[in-house]
Amino acid sequence: MKNRFVVIGYYICEYTFSPSFLSGISKKNISISGCLCNHEPRIFLCHGWKPNGDKQEYINCFSSKEKYIKMSEEITELLNECLFATDGRFLRKENAMYFYKEYFNDSKHILVSVCAKDEYIKLLGDDFNIEKNSVSEIDGNIIGCDIIGWDISDFHSFLCNGLEKQFPDVKFNSYGLLDETYCKAEQMSISIQGMGEPVDWMPVILHKIEI
């Protein structure tokens, strides 16, 4: 019997140079953790969001101010419908694909889905909003595994805490993700419970969504 996997959500990740403390892992990285990677759209930088919205630096990321405002209005509406979370997580694939294609379709960004065994979803808590019927068969364009933990409004990665040092023989790929099997990531997550952030560590698989 196959394991049942659930899609936790979809993220538009900025594929950027790794922070200095991860330089020994990969030159560039993506992550579900906001500590390691920006996720688009960055809701708190959007039009009308005080105190950090409407700043020129973020507006310049778009082809025009009008497009920035349109994006801001659309993502705020999605947030109000509980189909987008402030950490950058889309609940529905179609919404994530729309925003990627319309606003972030370039070499700097990668659209991913994040999946975990059904048994781990309870670790996210009763208030964690998820599409109940999101079942994923683990095949297709897998780009790596990670070990993450939910902390109120954002995910941490075990890399945020340097917990990869507990596993000197594990391999990482060019995305800064674990180049190991899900089973191996699962074993690792069990062994680091109680370490680092006060979260329940859980293994996840990331798929790259092709447009």
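Let's see if you can work this out: charge +1 on each Lys and Arg Cβ, -1 on each Asp and Glu Cβ, no other charges. What is the dipole magnitude of the chain about its Cα centre, in debye to the nearest 20?
Dipole size: approximately 400 debye.
Taking a 29 Å limit on the Cα-Cα distance, which of the listed pairs 67/117; 27/122; 70/117; 117/171; 93/122; 67/171 fall beyond it?
Values: 67/117 38 Å; 27/122 34 Å; 70/117 36 Å; 117/171 22 Å; 93/122 22 Å; 67/171 41 Å.
Among 67/117; 27/122; 70/117; 117/171; 93/122; 67/171, the Cα-Cα distance tops 29 Å for 67/117; 27/122; 70/117; 67/171.
Inverting the mean 1/r over all pairs of different Cα atoms, compute the Kirkwood radius of the range 48-115 and quote it in Å. Before the final figure, lay out the partial values.
Details: mean 1/r = 0.0773 Å⁻¹.
Radius from the Kirkwood sum: 12.9 Å.
Report the percentage of all Cα-Cα pairs in the chain whose separation exceeds 32 Å, rounded to a whole percent. Mind showing how you got there, number by number?
Details: 3432 of 22155 pairs.
In whole percent, the long-distance tail amounts to 15.
Ignoring ligands, DNA and RNA, what accessible area per residue does the range 23-75 give at 1.4 Å, in Å²?
Per residue, the range 23-75 has 54 Å² of solvent-accessible surface.
Work out the charge dipole of the range 1-149 with +1 on the Cβ of Lys and Arg and -1 on the Cβ of Asp and Glu about the Cα centre, then indicate which of 16, 142, 53 is farthest towards its positive end.
16
Based on C-alpha coordinates, I'd like the Rg and Dmax of the range 38-81, in Å.
For the range 38-81, the Cα-based Rg and Dmax read 9.6, 28 Å.
Tell me the net charge near residue 88. Cut-off is 13 Å between Cβ atoms, residue 88 excluded, with +1 for each Lys or Arg and -1 for each Asp or Glu. Can you show the working numbers first?
Numbers: positive: 42, 89; negative: 14, 40, 87, 154.
Value of the local net charge: -2.
From the protein chains alone at 1.4 Å, what is the descending order of accessible area for 97, 71, largest first?
Reading off the accessible areas and sorting them downward yields 97, 71.
What part of the accessible area of the range 1-153, given as a whole %, is carbon or sulfur when the probe is 1.4 angstrom? Write out the running numbers ahead of the final one.
On the way: 3900 of 8050 Å².
Its accessible area is 48 percent carbon and sulfur atoms.
List the trypsin sites (Lys or Arg not before Pro) within the range 17-87 that fall in a DSSP loop (any state other than H, G, I, E or B) and whose Cβ has at most 12 other Cβ atoms within 10 Å.
Details: sites: 27, 28, 42, 55, 65, 67, 70; in loops: 27, 42, 55.
In loop regions of the range 17-87 (DSSP not H, G, I, E or B), the sparsely surrounded trypsin sites (Lys or Arg not before Pro) are 27, 55.
Note down the accessible area of residue 14, probe 1.4 Å, to the nearest 10 Å².
Probe radius 1.4 Å; accessible area of residue 14 about 30 Å².
Over the range 108-211, consider all pairs of different Cα atoms and compute the Kirkwood hydrodynamic radius from their mean reciprocal separation; express it in Å, one decimal.
14.4 Å is the Kirkwood radius here.
The values are calculated or read from the model by the stated rules, or taken from the named source; none is laboratory data. This structure is a prediction, so every number in the text was calculated from the model and none was measured. With ideal geometry, Cβ positions are generated from the backbone for all residues, glycine too; neighbour counts draw on all protein chains shown. Ligands, DNA and RNA are stripped out before the accessible areas are found, and what is left, the full protein with its side chains, is counted by its heavy atoms. Shrake-Rupley method; radii C 1.70, N 1.55, O 1.52, S 1.80 Å.
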